[in-house]
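S.K.: Submitted below is the structure of interest, expressed as C-alpha coordinates.
The values are calculated or read from the model by the stated rules, or taken from the named source; none is laboratory data. From a predicted model like this one, the values you see are computed outputs, not experimental measurements. Note: ideal-geometry Cβ built from the backbone for every residue, glycine included; neighbour counts use all protein chains shown.
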Amino acid sequence: MADTTGNIRGGTGEDISQPRKSSWAYIGPGIVVAATGVGAGDLVATLIAGSNFGYTLLWAAVIGCLVKISLAEACGRWHLATGRTLFDGWQSLGRWTTVYFAIYVVIWGFVYGATAMSSSALPLVALFPEGPDLKVWAVAMGLVGLVFVWFNKYAVFEKLMTVLIGIMFVVVVYVAIRVTPNLGEAFTGLVPILPDGSLLYTLGLVGGVGGTITMAAYGYWVNAKGWTDTGWMKVMRLDNRVAYITTGVFVVAMLIVGAELLHTTGLALTQGGQGLIDLGTILEDRYGTATAKLFLVGFFATSFSSLVGVWHGVSLMFADFVGRLRGGARGGRDAAVAEVATGEREKSAPFRWYLLWLTFPPMVLLWLDRPFGLVVVYGVLGAFFMPFLAATLIWLLNSSRTPAEWRNGWLSNGMLAAAGLLFIVLCVQQVRELPW
(Lines give C-alpha, C1' and ligand atoms only; values in the text may rest on other atoms or scores of the structure.)
Protein backbone atom coordinates (compact mmCIF):
# COMPACT_ATOMS: atom_id res chain seq x y z
CA MET A 1 0.00 0.00 0.00
CA ALA A 2 1.07 3.63 -0.20
CA ASP A 3 3.63 4.72 2.37
CA THR A 4 3.65 8.06 4.21
CA THR A 5 5.77 9.69 1.52
CA GLY A 6 3.24 8.86 -1.19
CA ASN A 7 5.51 6.34 -2.96
CA ILE A 8 3.82 3.17 -4.10
CA ARG A 9 5.28 -0.05 -2.79
CA GLY A 10 4.90 -3.06 -5.01
CA GLY A 11 3.93 -6.65 -4.36
CA THR A 12 7.46 -7.51 -3.27
CA GLY A 13 7.63 -4.56 -0.86
CA GLU A 14 10.39 -2.56 -2.56
CA ASP A 15 10.23 1.21 -3.15
CA ILE A 16 9.37 1.62 -6.82
CA SER A 17 9.37 5.40 -6.97
CA GLN A 18 12.70 5.57 -8.85
CA PRO A 19 13.40 4.19 -12.35
CA ARG A 20 15.53 1.07 -12.42
CA LYS A 21 18.16 -0.17 -14.82
CA SER A 22 17.56 -3.49 -16.53
CA SER A 23 18.73 -6.09 -14.04
CA TRP A 24 18.38 -9.82 -13.48
CA ALA A 25 17.61 -9.03 -9.83
CA TYR A 26 14.12 -7.84 -10.78
CA ILE A 27 13.07 -10.84 -12.89
CA GLY A 28 9.71 -12.17 -11.72
CA PRO A 29 6.52 -11.66 -13.77
CA GLY A 30 8.21 -13.31 -16.76
CA ILE A 31 8.92 -16.41 -14.68
CA VAL A 32 5.26 -16.43 -13.66
CA VAL A 33 3.95 -16.15 -17.22
CA ALA A 34 6.36 -18.85 -18.45
CA ALA A 35 5.35 -21.25 -15.68
CA THR A 36 1.66 -20.57 -16.26
CA GLY A 37 1.71 -20.61 -20.06
CA VAL A 38 3.29 -24.04 -20.56
CA GLY A 39 0.86 -26.76 -19.53
CA ALA A 40 0.63 -30.50 -19.91
CA GLY A 41 -1.27 -30.22 -23.20
CA ASP A 42 1.45 -28.00 -24.68
CA LEU A 43 4.16 -30.50 -23.76
CA VAL A 44 2.20 -33.38 -25.31
CA ALA A 45 1.60 -31.41 -28.52
CA THR A 46 5.33 -30.70 -28.77
CA LEU A 47 6.22 -34.33 -28.07
CA ILE A 48 3.85 -35.52 -30.79
CA ALA A 49 5.29 -33.01 -33.28
CA GLY A 50 8.77 -34.36 -32.49
CA SER A 51 7.62 -37.97 -32.73
CA ASN A 52 5.99 -37.38 -36.14
CA PHE A 53 8.57 -35.13 -37.79
CA GLY A 54 11.76 -35.42 -35.76
CA TYR A 55 13.72 -32.17 -35.61
CA THR A 56 12.21 -30.77 -38.82
CA LEU A 57 9.89 -28.30 -37.04
CA LEU A 58 12.44 -26.90 -34.58
CA TRP A 59 12.40 -23.60 -36.47
CA ALA A 60 8.66 -23.24 -35.71
CA ALA A 61 9.35 -23.40 -31.97
CA VAL A 62 11.87 -20.55 -32.31
CA ILE A 63 9.42 -18.39 -34.28
CA GLY A 64 6.73 -19.16 -31.70
CA CYS A 65 8.90 -17.69 -28.97
CA LEU A 66 9.47 -14.50 -30.98
CA VAL A 67 5.72 -14.15 -31.56
CA LYS A 68 4.95 -14.55 -27.86
CA ILE A 69 7.72 -12.12 -26.85
CA SER A 70 6.07 -9.50 -29.08
CA LEU A 71 2.59 -10.08 -27.66
CA ALA A 72 3.65 -10.09 -24.00
CA GLU A 73 5.91 -7.05 -24.50
CA ALA A 74 2.98 -5.15 -25.98
CA CYS A 75 0.79 -6.04 -22.97
CA GLY A 76 3.46 -4.92 -20.51
CA ARG A 77 4.23 -1.76 -22.51
CA TRP A 78 0.57 -0.73 -22.47
CA HIS A 79 0.37 -1.03 -18.68
CA LEU A 80 3.62 0.87 -18.08
CA ALA A 81 3.28 3.56 -20.76
CA THR A 82 -0.33 4.52 -20.06
CA GLY A 83 -0.81 3.77 -16.37
CA ARG A 84 -3.99 1.96 -17.38
CA THR A 85 -4.87 -1.72 -17.26
CA LEU A 86 -5.46 -3.76 -20.37
CA PHE A 87 -9.17 -4.12 -19.72
CA ASP A 88 -9.43 -0.35 -19.35
CA GLY A 89 -7.87 -0.11 -22.80
CA TRP A 90 -10.28 -2.68 -24.21
CA GLN A 91 -13.23 -0.82 -22.72
CA SER A 92 -12.13 2.36 -24.50
CA LEU A 93 -12.52 0.54 -27.85
CA GLY A 94 -16.25 0.02 -27.39
CA ARG A 95 -18.85 -1.96 -25.52
CA TRP A 96 -18.29 -5.02 -27.72
CA THR A 97 -15.04 -5.80 -25.90
CA THR A 98 -16.88 -5.96 -22.57
CA VAL A 99 -19.49 -8.34 -23.98
CA TYR A 100 -16.83 -10.54 -25.54
CA PHE A 101 -14.69 -10.72 -22.41
CA ALA A 102 -17.66 -11.41 -20.13
CA ILE A 103 -18.75 -14.41 -22.21
CA TYR A 104 -15.22 -15.68 -22.69
CA VAL A 105 -13.99 -15.44 -19.11
CA VAL A 106 -17.04 -17.24 -17.68
CA ILE A 107 -17.14 -20.19 -20.09
CA TRP A 108 -13.35 -20.51 -20.39
CA GLY A 109 -12.91 -20.49 -16.61
CA PHE A 110 -15.56 -23.18 -16.11
CA VAL A 111 -13.94 -25.62 -18.54
CA TYR A 112 -10.32 -24.72 -17.78
CA GLY A 113 -10.85 -25.27 -14.06
CA ALA A 114 -11.69 -28.94 -14.63
CA THR A 115 -8.87 -29.36 -17.16
CA ALA A 116 -6.26 -27.87 -14.82
CA MET A 117 -7.36 -29.94 -11.85
CA SER A 118 -7.34 -33.17 -13.88
CA SER A 119 -3.90 -32.44 -15.39
CA SER A 120 -2.44 -31.78 -11.93
CA ALA A 121 -3.97 -34.99 -10.59
CA LEU A 122 -2.72 -37.33 -13.34
CA PRO A 123 0.96 -37.43 -12.29
CA LEU A 124 -0.04 -37.83 -8.63
CA VAL A 125 -2.11 -40.91 -9.48
CA ALA A 126 0.92 -42.34 -11.30
CA LEU A 127 3.31 -41.45 -8.46
CA PHE A 128 1.01 -42.88 -5.78
CA PRO A 129 -0.88 -45.78 -7.42
CA GLU A 130 -2.17 -47.03 -4.06
CA GLY A 131 -3.56 -43.61 -3.14
CA PRO A 132 -6.85 -41.86 -3.99
CA ASP A 133 -8.35 -41.99 -7.47
CA LEU A 134 -8.09 -39.23 -10.10
CA LYS A 135 -11.25 -37.35 -9.04
CA VAL A 136 -10.14 -37.08 -5.40
CA TRP A 137 -6.66 -35.85 -6.38
CA ALA A 138 -8.21 -33.36 -8.84
CA VAL A 139 -10.53 -31.89 -6.21
CA ALA A 140 -7.62 -31.69 -3.77
CA MET A 141 -5.47 -29.79 -6.29
CA GLY A 142 -8.27 -27.30 -6.95
CA LEU A 143 -8.69 -26.69 -3.24
CA VAL A 144 -4.94 -26.34 -2.63
CA GLY A 145 -4.73 -23.77 -5.44
CA LEU A 146 -7.74 -21.90 -4.05
CA VAL A 147 -6.39 -21.73 -0.50
CA PHE A 148 -2.90 -20.73 -1.62
CA VAL A 149 -4.02 -17.86 -3.86
CA TRP A 150 -6.74 -16.74 -1.43
CA PHE A 151 -4.36 -16.22 1.48
CA ASN A 152 -1.14 -15.10 -0.27
CA LYS A 153 -0.26 -11.96 -2.19
CA TYR A 154 1.85 -11.69 -5.32
CA ALA A 155 5.27 -11.88 -3.59
CA VAL A 156 4.63 -15.35 -2.14
CA PHE A 157 2.88 -16.47 -5.33
CA GLU A 158 5.93 -15.47 -7.38
CA LYS A 159 8.25 -17.44 -5.09
CA LEU A 160 6.16 -20.61 -5.52
CA MET A 161 6.09 -20.17 -9.29
CA THR A 162 9.87 -19.72 -9.33
CA VAL A 163 10.30 -23.03 -7.49
CA LEU A 164 7.89 -24.83 -9.83
CA ILE A 165 9.51 -23.49 -13.00
CA GLY A 166 12.91 -24.46 -11.58
CA ILE A 167 11.68 -28.05 -11.19
CA MET A 168 10.17 -27.98 -14.69
CA PHE A 169 13.36 -26.63 -16.22
CA VAL A 170 15.70 -29.09 -14.53
CA VAL A 171 13.53 -32.14 -15.27
CA VAL A 172 12.76 -31.34 -18.91
CA VAL A 173 16.35 -30.46 -19.76
CA TYR A 174 17.61 -33.55 -17.89
CA VAL A 175 15.30 -35.84 -19.86
CA ALA A 176 16.33 -34.17 -23.13
CA ILE A 177 20.01 -34.77 -22.30
CA ARG A 178 19.25 -38.32 -21.13
CA VAL A 179 17.88 -39.34 -24.53
CA THR A 180 21.16 -38.19 -26.18
CA PRO A 181 20.13 -35.58 -28.78
CA ASN A 182 21.62 -35.60 -32.26
CA LEU A 183 22.87 -32.00 -32.30
CA GLY A 184 23.84 -32.05 -35.97
CA GLU A 185 20.36 -33.10 -37.01
CA ALA A 186 18.82 -30.64 -34.55
CA PHE A 187 20.61 -27.68 -36.17
CA THR A 188 19.21 -28.69 -39.57
CA GLY A 189 15.76 -28.25 -38.02
CA LEU A 190 16.36 -24.51 -37.86
CA VAL A 191 15.89 -24.33 -41.65
CA PRO A 192 12.19 -23.61 -42.39
CA ILE A 193 10.73 -26.71 -44.02
CA LEU A 194 7.13 -27.94 -44.12
CA PRO A 195 6.95 -31.72 -44.53
CA ASP A 196 3.72 -33.22 -45.88
CA GLY A 197 0.99 -33.17 -43.27
CA SER A 198 2.90 -30.88 -40.91
CA LEU A 199 1.00 -27.59 -41.33
CA LEU A 200 -1.24 -27.93 -38.28
CA TYR A 201 1.63 -29.16 -36.10
CA THR A 202 3.68 -26.18 -37.27
CA LEU A 203 0.91 -23.71 -36.47
CA GLY A 204 0.48 -25.36 -33.09
CA LEU A 205 4.18 -24.99 -32.27
CA VAL A 206 4.22 -21.34 -33.35
CA GLY A 207 0.99 -20.29 -31.71
CA GLY A 208 -0.12 -22.91 -29.24
CA VAL A 209 2.68 -23.16 -26.68
CA GLY A 210 3.18 -20.49 -24.06
CA GLY A 211 -0.23 -19.31 -23.00
CA THR A 212 -3.44 -17.69 -24.27
CA ILE A 213 -5.34 -15.50 -21.81
CA THR A 214 -2.38 -15.74 -19.43
CA MET A 215 -0.42 -13.58 -21.86
CA ALA A 216 -2.96 -10.81 -21.27
CA ALA A 217 -2.44 -11.36 -17.53
CA TYR A 218 1.25 -10.51 -17.92
CA GLY A 219 0.60 -6.76 -17.66
CA TYR A 220 -1.29 -7.33 -14.42
CA TRP A 221 1.61 -9.33 -12.97
CA VAL A 222 3.96 -6.52 -14.04
CA ASN A 223 1.85 -4.11 -11.97
CA ALA A 224 1.53 -6.57 -9.08
CA LYS A 225 5.33 -6.74 -8.97
CA GLY A 226 5.25 -2.98 -8.36
CA TRP A 227 6.23 -1.80 -11.84
CA THR A 228 3.78 0.97 -12.69
CA ASP A 229 5.50 3.48 -14.99
CA THR A 230 7.93 3.79 -17.89
CA GLY A 231 10.92 3.78 -15.57
CA TRP A 232 10.47 0.01 -15.50
CA MET A 233 10.24 -0.46 -19.27
CA LYS A 234 13.77 -1.87 -19.74
CA VAL A 235 13.31 -4.19 -16.78
CA MET A 236 9.98 -5.44 -18.17
CA ARG A 237 11.50 -6.13 -21.58
CA LEU A 238 14.36 -8.14 -20.09
CA ASP A 239 11.89 -10.00 -17.88
CA ASN A 240 9.69 -10.80 -20.88
CA ARG A 241 12.61 -12.10 -22.97
CA VAL A 242 13.70 -14.35 -20.11
CA ALA A 243 10.12 -15.71 -19.93
CA TYR A 244 9.91 -16.79 -23.53
CA ILE A 245 13.50 -17.92 -23.88
CA THR A 246 12.71 -20.21 -20.94
CA THR A 247 9.56 -21.33 -22.73
CA GLY A 248 11.64 -21.93 -25.85
CA VAL A 249 13.99 -24.18 -23.89
CA PHE A 250 11.01 -26.25 -22.70
CA VAL A 251 9.65 -26.58 -26.23
CA VAL A 252 13.02 -27.51 -27.76
CA ALA A 253 13.75 -29.99 -24.97
CA MET A 254 10.41 -31.77 -25.43
CA LEU A 255 10.84 -31.74 -29.19
CA ILE A 256 14.20 -33.46 -28.67
CA VAL A 257 12.55 -36.09 -26.48
CA GLY A 258 9.87 -36.66 -29.09
CA ALA A 259 12.42 -36.87 -31.90
CA GLU A 260 14.89 -39.17 -30.15
CA LEU A 261 12.68 -41.34 -27.98
CA LEU A 262 9.57 -41.63 -30.14
CA HIS A 263 10.33 -40.69 -33.75
CA THR A 264 13.31 -43.02 -34.09
CA THR A 265 11.43 -45.95 -32.56
CA GLY A 266 7.97 -45.42 -34.04
CA LEU A 267 6.31 -45.23 -30.61
CA ALA A 268 3.13 -43.15 -30.27
CA LEU A 269 1.47 -41.19 -27.47
CA THR A 270 -2.17 -40.55 -26.71
CA GLN A 271 -3.48 -36.98 -26.73
CA GLY A 272 -3.93 -34.87 -23.59
CA GLY A 273 -2.27 -35.25 -20.22
CA GLN A 274 -2.47 -39.06 -20.51
CA GLY A 275 0.26 -38.79 -23.15
CA LEU A 276 2.73 -37.69 -20.48
CA ILE A 277 1.83 -40.75 -18.40
CA ASP A 278 2.61 -42.82 -21.51
CA LEU A 279 5.98 -41.11 -21.76
CA GLY A 280 6.68 -41.85 -18.10
CA THR A 281 6.11 -45.54 -18.79
CA ILE A 282 8.45 -45.44 -21.79
CA LEU A 283 11.13 -43.66 -19.75
CA GLU A 284 10.85 -46.29 -17.02
CA ASP A 285 11.33 -49.09 -19.54
CA ARG A 286 14.36 -47.37 -21.09
CA TYR A 287 16.09 -45.54 -18.24
CA GLY A 288 14.73 -46.94 -15.00
CA THR A 289 12.25 -46.05 -12.29
CA ALA A 290 14.19 -43.05 -10.94
CA THR A 291 14.10 -41.20 -14.29
CA ALA A 292 10.40 -41.99 -14.72
CA LYS A 293 9.54 -40.74 -11.22
CA LEU A 294 11.58 -37.58 -11.75
CA PHE A 295 9.72 -36.94 -14.99
CA LEU A 296 6.35 -37.34 -13.22
CA VAL A 297 7.47 -34.77 -10.64
CA GLY A 298 8.27 -32.40 -13.51
CA PHE A 299 4.90 -33.19 -15.08
CA PHE A 300 3.19 -32.25 -11.80
CA ALA A 301 5.17 -28.99 -11.52
CA THR A 302 4.18 -28.11 -15.10
CA SER A 303 0.47 -28.76 -14.52
CA PHE A 304 0.16 -27.30 -11.03
CA SER A 305 2.05 -24.12 -11.97
CA SER A 306 -0.50 -23.54 -14.74
CA LEU A 307 -3.35 -24.08 -12.29
CA VAL A 308 -2.01 -21.66 -9.68
CA GLY A 309 -1.01 -19.12 -12.34
CA VAL A 310 -4.49 -19.02 -13.83
CA TRP A 311 -6.13 -18.96 -10.40
CA HIS A 312 -4.12 -15.79 -9.65
CA GLY A 313 -3.66 -14.01 -12.99
CA VAL A 314 -7.09 -14.43 -14.55
CA SER A 315 -8.71 -13.60 -11.21
CA LEU A 316 -6.80 -10.30 -11.27
CA MET A 317 -8.16 -9.62 -14.75
CA PHE A 318 -11.68 -10.47 -13.64
CA ALA A 319 -11.37 -8.15 -10.64
CA ASP A 320 -10.33 -5.33 -12.98
CA PHE A 321 -13.22 -6.21 -15.30
CA VAL A 322 -15.76 -5.91 -12.48
CA GLY A 323 -14.12 -2.73 -11.22
CA ARG A 324 -14.50 -1.16 -14.67
CA LEU A 325 -18.16 -2.17 -14.87
CA ARG A 326 -18.68 -0.43 -11.55
CA GLY A 327 -17.17 2.75 -12.98
CA GLY A 328 -13.52 2.67 -11.95
CA ALA A 329 -11.44 5.86 -11.88
CA ARG A 330 -10.44 7.38 -15.20
CA GLY A 331 -7.74 9.82 -16.26
CA GLY A 332 -4.18 10.30 -15.03
CA ARG A 333 -2.55 7.48 -13.15
CA ASP A 334 -5.23 4.78 -13.18
CA ALA A 335 -6.47 3.82 -9.72
CA ALA A 336 -6.84 0.21 -10.91
CA VAL A 337 -3.09 -0.03 -11.61
CA ALA A 338 -2.32 1.26 -8.12
CA GLU A 339 -4.72 -1.23 -6.60
CA VAL A 340 -3.02 -4.11 -8.42
CA ALA A 341 0.45 -2.83 -7.46
CA THR A 342 -0.43 -2.55 -3.78
CA GLY A 343 -2.25 -5.88 -3.55
CA GLU A 344 -5.71 -4.40 -3.01
CA ARG A 345 -7.14 -6.29 -5.99
CA GLU A 346 -6.01 -9.61 -4.49
CA LYS A 347 -8.21 -8.95 -1.45
CA SER A 348 -11.24 -7.76 -3.42
CA ALA A 349 -14.54 -9.61 -3.61
CA PRO A 350 -14.47 -10.01 -7.45
CA PHE A 351 -10.99 -11.58 -7.26
CA ARG A 352 -12.27 -14.13 -4.78
CA TRP A 353 -15.53 -14.68 -6.66
CA TYR A 354 -13.59 -15.75 -9.71
CA LEU A 355 -11.32 -17.97 -7.61
CA LEU A 356 -14.42 -19.77 -6.40
CA TRP A 357 -15.78 -19.97 -9.96
CA LEU A 358 -12.54 -21.60 -11.17
CA THR A 359 -12.59 -24.11 -8.33
CA PHE A 360 -16.06 -25.37 -7.42
CA PRO A 361 -18.40 -25.36 -10.46
CA PRO A 362 -15.79 -27.13 -12.68
CA MET A 363 -15.69 -30.02 -10.20
CA VAL A 364 -18.99 -31.14 -11.74
CA LEU A 365 -17.11 -31.92 -14.96
CA LEU A 366 -14.79 -34.29 -13.13
CA TRP A 367 -17.70 -36.70 -12.78
CA LEU A 368 -18.64 -36.55 -16.47
CA ASP A 369 -16.90 -39.13 -18.63
CA ARG A 370 -16.89 -37.18 -21.90
CA PRO A 371 -17.98 -33.54 -21.63
CA PHE A 372 -17.49 -33.02 -25.39
CA GLY A 373 -19.80 -30.02 -25.82
CA LEU A 374 -17.99 -27.82 -23.32
CA VAL A 375 -14.57 -28.98 -24.50
CA VAL A 376 -15.48 -27.95 -28.06
CA VAL A 377 -16.72 -24.55 -26.87
CA TYR A 378 -13.52 -24.12 -24.83
CA GLY A 379 -11.35 -24.93 -27.84
CA VAL A 380 -13.15 -22.51 -30.10
CA LEU A 381 -13.18 -19.67 -27.55
CA GLY A 382 -9.51 -20.27 -26.84
CA ALA A 383 -8.72 -19.99 -30.52
CA PHE A 384 -10.72 -16.77 -30.76
CA PHE A 385 -8.94 -15.03 -27.88
CA MET A 386 -5.47 -14.62 -29.39
CA PRO A 387 -6.62 -12.80 -32.58
CA PHE A 388 -8.66 -10.54 -30.29
CA LEU A 389 -5.60 -9.84 -28.15
CA ALA A 390 -3.30 -9.16 -31.12
CA ALA A 391 -5.80 -6.95 -32.95
CA THR A 392 -6.71 -4.85 -29.92
CA LEU A 393 -3.05 -4.35 -28.98
CA ILE A 394 -2.34 -3.04 -32.50
CA TRP A 395 -5.31 -0.69 -32.15
CA LEU A 396 -4.41 0.56 -28.67
CA LEU A 397 -0.66 0.95 -29.24
CA ASN A 398 -1.02 2.91 -32.48
CA SER A 399 -3.59 5.36 -31.15
CA SER A 400 -3.53 8.53 -29.07
CA ARG A 401 -4.37 6.37 -26.04
CA THR A 402 -0.63 5.57 -25.89
CA PRO A 403 2.01 8.33 -25.48
CA ALA A 404 3.80 8.88 -28.79
CA GLU A 405 7.15 7.71 -27.44
CA TRP A 406 5.77 4.27 -26.60
CA ARG A 407 3.59 3.57 -29.61
CA ASN A 408 4.31 0.64 -31.89
CA GLY A 409 7.13 0.76 -34.39
CA TRP A 410 7.19 -1.17 -37.65
CA LEU A 411 8.70 -4.28 -36.04
CA SER A 412 6.11 -4.50 -33.26
CA ASN A 413 3.26 -3.86 -35.70
CA GLY A 414 4.61 -6.50 -38.04
CA MET A 415 4.98 -9.13 -35.31
CA LEU A 416 1.54 -8.42 -33.84
CA ALA A 417 -0.07 -8.52 -37.30
CA ALA A 418 1.68 -11.81 -38.09
CA ALA A 419 0.53 -13.20 -34.75
CA GLY A 420 -3.04 -12.12 -35.44
CA LEU A 421 -3.05 -13.78 -38.88
CA LEU A 422 -1.51 -16.95 -37.47
CA PHE A 423 -4.16 -17.23 -34.77
CA ILE A 424 -6.95 -16.52 -37.23
CA VAL A 425 -5.78 -19.54 -39.24
CA LEU A 426 -5.74 -21.63 -36.06
CA CYS A 427 -9.19 -20.32 -35.18
CA VAL A 428 -10.61 -21.25 -38.60
CA GLN A 429 -9.16 -24.73 -38.22
CA GLN A 430 -10.82 -25.10 -34.80
CA VAL A 431 -14.17 -24.09 -36.30
CA ARG A 432 -13.71 -26.51 -39.21
CA GLU A 433 -13.20 -29.35 -36.75
CA LEU A 434 -16.56 -28.68 -35.04
CA PRO A 435 -19.00 -31.63 -35.35
CA TRP A 436 -21.53 -29.66 -37.39
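S.K.: Can you go through G207, G219 and tell me which one is modelled with pLDDT of 85 or more, within 21 Å of Y104 (Cβ to Cβ) and either surrounded by fewer than 24 Cβ atoms within 10 Å (Cβ to Cβ) or not acidic (D, E) (or both)?
M.R.: Step by step, each of G207, G219 is checked, and only G219 is modelled with pLDDT of 85 or more, within 21 Å of Y104 (Cβ to Cβ) and either surrounded by fewer than 24 Cβ atoms within 10 Å (Cβ to Cβ) or not acidic (D, E) (or both).
S.K.: Could you name every one of the helices (runs of 4 or more DSSP H) located completely within region 340-436 that has at least 1 residues being within 24 Å of L146 (Cβ to Cβ) and at pLDDT 85 or above?
M.R.: 349-359
S.K.: Given (1) modelled with pLDDT of 85 or more; (2) closer than 24 Å to Y112 by Cα; (3) not acidic (D, E), where does V67 come up short, assuming only one miss?
M.R.: Of the numbered conditions (1) modelled with pLDDT of 85 or more; (2) closer than 24 Å to Y112 by Cα; (3) not acidic (D, E), the odd one out for V67 is (1).
S.K.: Report every pair of residues separated by at least 6 positions or lying on different chains whose Cβ atoms are under 6 Å apart, first residue within region 315-327 and within 12 Å of T98 (Cα to Cα), second outside any helix (DSSP H, G or I) and not basic (K, R).
M.R.: Qualifying pairs under 6 Å: D320/T85.
S.K.: Determine the pairs where a residue that is touching a residue at least 60 places away in the same chain (Cβ under 8 Å) and under 7 Å from A259 (Cβ atoms), located within region 48-59, has a partner that is aliphatic (A, V, I, L, M) and not in a helix (DSSP H, G or I) with Cβ atoms under 8 Å apart, the partner being 6 or more residues away or on another chain.
M.R.: G50/L57
S.K.: Let me confirm something: among I277, I256, I177, which residue is more than 19 Å from C65 (Cβ to Cβ), crowded, with 18+ Cβ neighbours inside 10 Å and modelled with pLDDT of 80 or more?
M.R.: I277
S.K.: Another question, then. Could you please find all residues in region 30-88 being farther than 30 Å from F321 by Cα and among the aromatic types (F, W, Y)?
M.R.: Matches in region 30-88: F53, Y55, W59.
S.K.: Here are the criteria: (1) touching a residue at least 24 places away in the same chain (Cβ under 8 Å); (2) of a type outside the set (S, T, Y); (3) closer than 26 Å to L66 by Cα. Tell me which single one V106 does not satisfy.
M.R.: (3)
S.K.: What tally of residues in region 76-128 results from selecting those that are farther than 14 Å from P362 by Cα and β-branched (V, I, T)?
M.R.: Of the residues in that region, 7 qualify.
S.K.: Something else about it: Is there any pair linking a residue in region 349-364 that is touching a residue at least 40 places away in the same chain (Cβ under 8 Å) and closer than 19 Å to R324 by Cα to one that is among the aromatic types (F, W, Y) and crowded, with 22+ Cβ neighbours inside 10 Å, with Cβ under 7 Å and at least six apart or on different chains, and which?
M.R.: Y354/F318; L355/W311
S.K.: Restricting attention to region 131-170, report how many residues are of a type in the set (V, I, T) and within 25 Å of V249 (Cβ to Cβ).
M.R.: Within region 131-170, residues that are of a type in the set (V, I, T) and within 25 Å of V249 (Cβ to Cβ) number 5.
S.K.: Okay, next question. Given the criterion acidic (D, E) and buried (at least 19 other Cβ atoms within 10 Å of the Cβ), identify the matching residue among D239, D229, D196.
M.R.: After ruling out the rest, the residue left standing is D239.
S.K.: Filter region 26-40 down to residues that are buried (at least 24 other Cβ atoms within 10 Å of the Cβ) and not in a helix (DSSP H, G or I) and give me whichever is modelled with the highest pLDDT.
M.R.: Among residues in region 26-40 that are buried (at least 24 other Cβ atoms within 10 Å of the Cβ) and not in a helix (DSSP H, G or I), the one modelled with the highest pLDDT is G28.
S.K.: Shifting gears a bit: Before we move on, is V171 surrounded by 19 or more Cβ atoms within 10 Å (Cβ to Cβ), farther than 27 Å from K225 by Cβ and β-branched (V, I, T)?
M.R.: no
S.K.: Does region 242-252 hold any residues that are among the small types (G, A, S) and surrounded by fewer than 24 Cβ atoms within 10 Å (Cβ to Cβ), and which are they?
M.R.: Residue satisfying the conditions is G248 alone.
S.K.: Residues in region 298-320: is at least one surrounded by fewer than 21 Cβ atoms within 10 Å (Cβ to Cβ), at pLDDT 90 or above and of a type outside the set (K, R)?
M.R.: No, every residue in region 298-320 fails to be surrounded by fewer than 21 Cβ atoms within 10 Å (Cβ to Cβ), at pLDDT 90 or above and of a type outside the set (K, R).
S.K.: If you don't mind, there's one more thing I want to ask. Identify the residue in region 89-115 that is of a type in the set (A, V, I, L, M) and exposed (fewer than 15 other Cβ atoms within 10 Å of the Cβ) and, among all such residues, is farthest from V139 (Cα to Cα).
M.R.: V99
S.K.: Can you give me the ranges of the helices (runs of 4 or more DSSP H) entirely in region 110-190 with at least 2 residues that are within 25 Å of N223 (Cα to Cα) and under 20 Å from the mean Cα position of the chain (by Cα)?
M.R.: 134-151, 154-178
S.K.: Oh, and also: When region 118-146 is examined, which residues are found to be of a type outside the set (G, A, S) and closer than 16 Å to V314 by Cα?
M.R.: Once the filter is applied, which keeps residues that are of a type outside the set (G, A, S) and closer than 16 Å to V314 by Cα, region 118-146 yields only L146.
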